[in-house]
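*Asks:* Mind looking over this structure? Questions follow.
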Amino acid sequence: MTATRPKPRRGVLDIAPYVPGKSKAPGVAKVFKLSSNETPLGPSPRAIAAYNSVAPHLHDYPDGSASDLREAIGRAFGLDPDRIVCGAGSDDLLHLLAYAYLTDSDEAIHTEHGFLIYPIVTLGTGARPICVPETDYTADVDAILKAVTDKTKIVFLANPNNPTGTCLPFDEIKRLHQRLPAHVLLVLDAAYADYVVRNDYEAGIELVATSDNVVMCRTFSKIHGLANLRLGWMFGPAHIVDAINRIRGPFNVSGAAIAAGVAAIEDVGHQERSREHNTRWLAWLTEEIGKLGLKVTPSVANFVLIHFPQTKGRTAQDADAFLTTRGLILRYVAAYKLPNALRLSVGTEEANRLVVAALKDFLDKKAA
Ligand SMILES: *Cc1c(COP(=O)(O)O)cnc(C)c1O
């Protein structure tokens with residue numbers, strides 16, 4: 001039978017479209033958006049200046065190889081710039097990796113509460129996303145290994161993970177890598193690596209440098225505060241970098257993003273201030289929300305996962321509605337198989353204090 005209209009490939013229409021965090025609280029004067037893990041400190045002033053400096057050149061195509069930015073990243077991390085690819089956000093790179101390495105009958109593994117983009121990019125290629133269980137809201141290496149078949153082509157792992165905030169120590173990542181068949185690509189998504197102060201953690205640079213089947217993705221959207229510009233990068237083996245460079249858009253990163261990215265990566269002081277702010281308020285929020293009697297999953301990133309009871313009037317959805325009336329917007333994470341939790345991004349001191357006060361009032365009020 002001839003189709004009567006164009007039909008996307010298998011899998012595309014099985015995708016549940018990604019729903020970004022809310023940003024509006026109707027009728028509330030002052031809104032605090034704590035739903036998308038954006039930095040409360042904003043970008044480096046130097047990044048803003050660099051961005052502005054590109055305005056007179058908007059008619060020129062950018063440097064398609066983003067050389068200045070790859071060299072700046074190389075200097076910052078001690079990496080060979082030839083093994084870096086930049087993208088329009090790390091989402092772009094995750095899509096490209098899936099597009100390059102997956103096809104119809106393949107499988108790609110992600111974990112139970114892993115980042116939603118992984119099944120989306122997998123389905124988009126016609127391959128099958130395989131979801132494996134976690135233990136204590138943390139990726140489980142044995143569960144991942146158990147799910148590997150002849151068809152497995154990619155393992156996607158966010159470390160730290162969003163929305164749980166948990167991470168695996170480097171030993172566990174190495175154990176996972178050692179037992180993965182050599183043809184399986186391990187994608188380490190280290191979007192929140194800049195926030196981690198635990199010393200048993202590593203983003204994966206060493207592992208990428210010493211193997212043929214590991215890549216690490218990073219983003220400028222979180223600690224660098226450039227989410228609006230769409231900028232990410234990937235470090236990988238030469239053969240994978242070559243494949244991605246063949247299929248990426250020839251100008252996938254704008255000149256404004258390149259300029260701002262160079263300034264941001266060089267402003268180490270701004271990164272340190274952002275990390276210190278986060279470390280301090282992450283601990284404070286975890287403790288204060290815990291004192292209210294709510295369970296908080298210990299986080300190493302710039303957000304916390306707060307668990308609510310299923311009692312009528314006290315649920316995550318009830319809390320979400322209550323907080324929204326006060327202009328405090330958190331992320332409802334049912335799509336991440338966490339229907340009884342809200343994710344809260346670490347905000348300014350003012351926002352953090354308002355959230356704790358509002359949660360206290362929410363729990364104090366008589367059940368509906
Ligand atoms: C925020 C985030 C990213 C970054 O996405 P961009 O496209 O770079 O903005 C990647 N992975 C995870 C797990 C994230 O939470």
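*Asks:* Return yes when ARG198 is within 13 Å of the ligand (Cβ to nearest atom), assigned by TED's automatic domain parsing to the domain that holds ASN162 and either of a type in the set (Lys, Arg) or without any contact (Cβ under 8 Å) to a residue 40 or more places away in the chain (or both) and no when it is not.
*Replies:* no
*Asks:* Further question: Counting residues that are within 15 Å of the ligand (Cβ to nearest atom), which helices (runs of 4 or more DSSP H) fully inside region 84-153 reach at least 1?
*Replies:* Output list reads 89-101, 117-124.
*Asks:* Let me ask something additional. Exactly one of (1) closer than 30 Å to PHE251 by Cβ; (2) of a type outside the set (A, V, I, L, M); (3) touching a Phe, Trp or Tyr at 6+ places or on another chain (Cβ under 9 Å) is unmet by ARG46. Its number?
*Replies:* Unmet condition: (3).
*Asks:* Looking at region 293-310, can you tell me whether even one residue there is assigned to a loop (DSSP other than H, G, I, E, B) and among the charged types (D, E, K, R)?
*Replies:* Among the residues of region 293-310, not one is assigned to a loop (DSSP other than H, G, I, E, B) and among the charged types (D, E, K, R), which makes the answer no.
*Asks:* Tally the residues that are more than 24 Å from THR135 (Cα to Cα) and among the aliphatic types (A, V, I, L, M), restricting the search to region 294-351.
*Replies:* 8
Residue-wise test of (1) surrounded by 17 or more Cβ atoms within 10 Å (Cβ to Cβ); (2) closer than 19 Å to LEU96 by Cβ; (3) of a type outside the set (Lys, Arg); (4) at pLDDT 95 or above.
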{"site": "PRO129", "(1), (2), (3), (4)": "yes, yes, yes, yes"}
{"site": "LYS153", "(1), (2), (3), (4)": "yes, yes, no, yes"}
{"site": "GLN178", "(1), (2), (3), (4)": "no, no, yes, yes"}
{"site": "VAL215", "(1), (2), (3), (4)": "yes, yes, yes, yes"}
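*Asks:* So if I check each of PHE220, PHE251, PHE235, PHE170, which one is within 14 Å of the ligand (Cβ to nearest atom), in the same structural domain as ASP63 (by TED's automatic domain parsing), modelled with pLDDT of 95 or more and of a type in the set (Phe, Trp, Tyr)?
*Replies:* Sole residue among the options that is within 14 Å of the ligand (Cβ to nearest atom), in the same structural domain as ASP63 (by TED's automatic domain parsing), modelled with pLDDT of 95 or more and of a type in the set (Phe, Trp, Tyr): PHE220.
*Asks:* Return the residues of region 231-257 that are more than 20 Å from the chain's Cα centre (by Cα), β-branched (Val, Ile, Thr) and farther than 18 Å from LEU188 by Cα; say none if nothing qualifies.
*Replies:* Passing the criteria: only ILE247.
The values are calculated or read from the model by the stated rules, or taken from the named source; none is laboratory data. All values reported here derive from a predicted model rather than from experimental measurement. Glycine gets a Cβ as well: all are built from the backbone with ideal geometry, and neighbour counts include every protein chain shown.
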